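Working notes for the structure below.
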Amino acid sequence: MNDDSNPRPIRPASGRLGVLLPGLGAVASTLIAGVMKTRMTGETPIGSVSQTAHIRLGTREEGRNPLIREFVPLAELDDLVFGGWDPLSPNALEAARTADVMSEQDLAPLSSELEGVVAMDAVFDQRWVSRIDGVRVKSETEMADQAEALMADIERFRTENDCDRLVMVWCASTEAYQEPSDVHRSIDAFEAGLKANDANISPSQIYAYAALMSGVPLANGAPNLTLDLPCMVELAEREGVPIAGKDFKTGQTLMKTLISPGLKARMLGVRGWYSTNILGNRDGMVLDAPENFQTKESSKLGVLDTILQPDVYPELYGDIEHKVRIDYYPPRGDDKEGWDNIDIFGWLGYPMQVKINFLCRDSILAAPIVLDLALFMDLAARAGESGIQEWLSFYFKAPQSGPAGPEHDIFIQQTKLKNTLREWMGEQPVTHSEAG
Ligand SMILES: NC(=O)c1ccc[n+]([C@@H]2O[C@H](COP(=O)([O-])OP(=O)(O)OC[C@H]3O[C@@H](n4cnc5c(N)ncnc54)[C@H](O)[C@@H]3O)[C@@H](O)[C@H]2O)c1
């Protein structure tokens, strides 16, 4: 450890950590079943940076390279307890079977434990997710009462499960597109809106309000604006609660943020990037509604501009045709297939093409992200952090950021994440300079 840097005081991760998931669908059930399977078999939780990645400390000659989970005080997988809300799924077992991501052979040994994760009734409004007809929905009709009911759920869960701490990760459906409105301007305006049942307040905002008022850190896995709204940023800061969002970075956008920094590093130009997907799960069905797809589209489109910096490199990236399509195609279920056609150009402007055909499993890519977010958000809270956690940009398609704007390049995001952990633990950031 360096003499000139002091580690931050971080409260120990003692006791149980409750992981609350609005939306017990494909992603949430794959996370819960995956954690239970890992606990049972001791297998490696592949894809989870918090569990499997190492972090270099000091210079390379020092040879210090511990696992992240041994370097920072994270909650243990054995200490996690799961809960959630859903208007359709009765419990995590049914959710996993409906999602059809994991095989029956994998689910069978976990079935009673999964069945024990019973969905609480959701705050749901079909105006925001037209393709779902919710049945397990709270009886309260006034928004202020719905927020109170969610806060009561949170407290009941905390007590019944003897939780030392809670975190929440939004894993529910993508809501219809909306622009921020007057009701989102401030906490006061939002609270008045709750009392007046303002039509601009969506269910995800009511969950966010309930979480933050209960002191529960919240990460947003969907492209909904929820946590970007000024009232939520203000509330997170006032209540001293960490927030992070939005939209898990999996599939095609993950590929985009892997490939585009490489093209830019080599100063190769890009004329066009056409991305299309077929997807047959419930998420795909919800996104088949144009108003819900619009929310997703706006979160996917920002990536290239920030990475390629067309304002700095107008000759290379000033005129890119960027298109993103998602088609709902039920036969594929959760096994998404994505195609990218990238029109690039090199020396003397000669054109070339890159084709990517990614056959991925959406929830298999997303589940470890939810695990990492739950563990890192809990760490952030214990480290005294509040408000936007930019260091977790690594996990998001449209990272929430401060005034300087988002960083999309996955390698810069990874450096930011690891350097933040190094700083908190009193280690020097790694700069990869000649001396380091
Ligand atoms: N899987 C991925 O790779 C990925 C990547 C980025 C973002 N996401 C987002 O994560 C979310 C979950 O994805 P999924 O594949 O699990 O979808 P899913 O449709 O399987 O699950 C979503 C669940 O949310 C429930 N829900 C809807 N409204 C709700 C509400 N108001 N309260 C509580 N529950 C509600 C639905 O009933 C459904 O069971 C979606 O918003 C999706 O866009 C997923």
Residue set L287, L316; condition among the hydrophobic types (A, V, I, L, M, F, W, C), within 28 Å of Q389 (Cβ to Cβ), crowded, with 16+ Cβ neighbours inside 10 Å and touching a Lys or Arg at 6+ places or on another chain (Cβ under 9 Å); output residue L287
One residue is enough: does the stretch 347-357 have a residue meeting the conditions basic (K, R) and in contact with a helix residue (DSSP H, G or I) (Cβ under 9 Å, 6 or more places away or on another chain)?
no
Against the condition surrounded by fewer than 17 Cβ atoms within 10 Å (Cβ to Cβ) and either of a type in the set (D, E) or in a helix (DSSP H, G or I) (or both), how does S112 come out, does it pass?
yes
Can you tell me which residue in the stretch 70-93 is nearest to P429 (Cα to Cα), limited to those that are more than 14 Å from the ligand (Cβ to nearest atom) and part of a helix (DSSP H, G or I)?
F71
Output for the stretch 173-186, where each listed residue is farther than 16 Å from E291 by Cα and either within 16 Å of the ligand (Cβ to nearest atom) or surrounded by 17 or more Cβ atoms within 10 Å (Cβ to Cβ) (or both)
V183, H184
Need at least 2 residues that are under 23 Å from G284 (Cα atoms) per element, so show me which strands (runs of 3 or more DSSP E) inside the stretch 153-262 make the cut, counting only ones lying wholly within it.
163-170, 218-220
Of the criteria (1) under 22 Å from A265 (Cα atoms); (2) assigned to a helix (DSSP H, G or I), which one H432 fails
(2)
Any residue in the stretch 132-148 that's touching a residue at least 24 places away in the same chain (Cβ under 8 Å) and under 23 Å from A289 (Cβ atoms): show its pairings with residues that are assigned to a strand (DSSP E or B) and within 15 Å of the ligand (Cβ to nearest atom) at Cβ separation under 7 Å, as long as the two are six or more apart or on different chains.
G134/A122; R136/A119; R136/A122; V137/A122
Please count how many residues of the stretch 15-69 are part of a helix (DSSP H, G or I), within 16 Å of the ligand (Cβ to nearest atom) and within 23 Å of C163 (Cβ to Cβ).
9
Is there any pair linking a residue in the stretch 307-319 that is touching a residue at least 60 places away in the same chain (Cβ under 8 Å) to one that is in a loop (DSSP other than H, G, I, E, B), with Cβ under 9 Å and at least six apart or on different chains, and which?
I307/E407; I307/H408; I307/D409
Boolean, A96 is buried (at least 18 other Cβ atoms within 10 Å of the Cβ), assigned to a strand (DSSP E or B) and either assigned by TED's automatic domain parsing to the domain that holds R282 or aliphatic (A, V, I, L, M) (or both):
no
Within the set of pairs 6+ apart or on separate chains, which have a first residue in the stretch 387-409 that is within 14 Å of the ligand (Cβ to nearest atom), a second that is acidic (D, E), and C-beta atoms under 6 Å apart?
F396/D247; K397/D247; A398/D247
Counting just the residues of the stretch 295-309 that are polar (S, T, N, Q) and crowded, with 16+ Cβ neighbours inside 10 Å, which one comes out farthest from G251 (Cα to Cα)?
T306
Residues satisfying the stated conditions in the stretch 310-336, i.e. in a helix (DSSP H, G or I) and modelled with pLDDT under 90:
R332
Being touching a Cys at 6+ places or on another chain (Cβ under 9 Å) and either on the phi > 0 side of the Ramachandran plot or aromatic (F, W, Y) (or both) narrows G338, G251, G333 down to just G251
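The values are calculated or read from the model by the stated rules, or taken from the named source; none is laboratory data. All of these numbers come straight from a predicted model, not from anything done at the bench. Reconstructed Cβ throughout: ideal geometry from the backbone, glycine too, with neighbour counts over all protein chains shown.
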